[in-house]
Amino acid sequence: MMAIRKDDLHKLIDLLDERHNKFVYEFLQKLADKMLGVDQMEIEYDDSPLTDSERELVREAEKEIKKGEFVKWEDLKDEL
């Protein structure tokens, strides 16, 4: 398995539509809690407006989703 940089993970998160923020936040929170053995790490939530470049990344991601270029939740869940 290739090494995945945190910068690449950040880019993927930046591509997501804001309406999925809560789901992604809760998913990452649960993953971090499980890995660290803690109940609810305290992470600051960023609700600042998107920049033009971030909005463009979102548009690109939405196009990829329409073309079926995504990972299904069931497949991802199985890997965890």
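Computed from the coordinates by the stated procedures, all read-outs in this text should not be read as laboratory data. Remember, predicted model here, so these are calculated numbers, not experimental data. Counting neighbours? That spans all protein chains shown, and the Cβs are built from the backbone with ideal geometry, glycine included.
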Label point distance in nm, Lys34-Ile65, each placed 7 Å from Cα along Cα→Cβ: 2.3
When we measure straight from the Cα of Lys34, which lysines land under 30 angstrom away, once same-chain ones fewer than 8 places off are left out? Lys6, Lys11, Lys22, Lys72, Lys77
In deg cm²/dmol, rounded to the nearest 500, the helical mean residue ellipticity at 222 nm of the chain, built from -39500 (n - 2.57) for every DSSP H run of length 4 or more, is -18500 deg cm²/dmol
Within the chain, which is the longest segment containing none of the trypsin sites (Lys or Arg not before Pro) that sit in a DSSP loop and have at most 12 other Cβ atoms within 10 Å? 6-66
Could you pull out every residue, at least 5 positions away or on a different chain, whose amide H is within less than 5 Å of the one on Leu16? Hs are placed 1.01 Å off N in the peptide plane, and Pro or chain starts have none. none
